[in-house]
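Coordinate-derived values only; no laboratory data. Bear in mind the structure is a predicted one, so any value in this text is a computation, not a measurement. Here Cβ is always computed from backbone atoms with ideal geometry, including for glycine, and neighbour counts include all displayed protein chains.
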Amino acid sequence: MSSIIDELYMYLRKESESAELQEVPRDLLRKVRDEIERLRSSLGVTYVKDQVIERKIESITQLLTALILTRLSKLLSDLKFLSVDTSRLLDEERDIVNYLQEKIRSMLITYVGKVPENLRATITATEQRREYVIVLFTKDYPPLMCSDLHIYGPFSREDVAYIPKADAEKLREKGVVIVLGQVPNMGES
């Protein structure tokens, strides 16, 4: 089994050698976070072992930082045209793209008075690709801003809501909601 350092180095090398965004496992960030937490929990044995562990954590964080910045640089380059292929994005990257697209749209409307026609189709297509699901909350939950930049909640146990699928998945992983089903996109208000 390869180490997380080898894995991060491989993904960073692939990203550095290609102009296009490369595919990485959807759970990569979680996996790296878990490894760092595991390493931190093993600190305190001996001075020498602690030094080795701290260097390993430092290497992991440096590689991950370089990978994230390389990928974001590519995303920002694509975003100047407001069209980004989201198929290879991590959920966190997709949230950033959605947020930036909405901010660009808002800025254009505020300062230009409208979204230029050549960009309108791109933004509309991005909004139509966003999937929504119906969820049942299993516990109380405070208001949250979802990837569509709308604030939902607060929620009580047994509340039902219609939220973006990406956000629902994160809440499901935390044990906050049960996904009841997907419905056709009803658009954004």
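Quick note on segment 130-183: its Rg to Rh ratio, both from C-alpha atoms and Rh being the Kirkwood radius, is 0.91.
Database remark: amide H of Leu180 closer than 5 angstrom to the amide H of Ile134, Val135, Leu136 (H placed geometrically; neighbours at sequence offset of 5 or more, or on other chains; Pro and chain starts carry no H). For segment 5-18, 3J(HN,Hα) computed residue by residue from phi via the Karplus equation (6.51, -1.76, 1.60; θ = phi - 60°) reads 5, 4, 5, 4, 4, 4, 5, 5, 4, 4, 5, 6, 8, 10 Hz, glycine and proline entered as x. For segment 4-78, the ratio of Cα radius of gyration to the globular rule of thumb 2.2 N^0.38 Å stands at 1.25.
Each label point was placed 7 Å from the Cα along the Cα-to-Cβ direction; for Glu92 and Leu180 their separation is 3.2 nm.
Ignoring lysines fewer than eight residues from Lys74 along the same chain, the ones with Cα atoms less than 19 angstrom from its Cα are Lys14, Lys103. Close amide-amide hydrogen proximity is noted between Ser147 and Asp167, each under 5 Å apart and 5 or more residues distant or on a separate chain (H modeled in the peptide plane; Pro and chain starts excluded).
Using mean Cβ contacts within 10 Å as the protection proxy, how do 39-45, 54-60 order, highest first?
The most tightly packed comes first, giving 54-60, 39-45.
Listed from fewest to most Cβ neighbours within 10 Å, the set Lys31, Lys103 follows the order Lys103, Lys31. Bridging of Lys139 to lysines at a Cα separation below 23 Å is possible for Lys165, Lys170, Lys174, once same-chain residues fewer than 8 apart are set aside.
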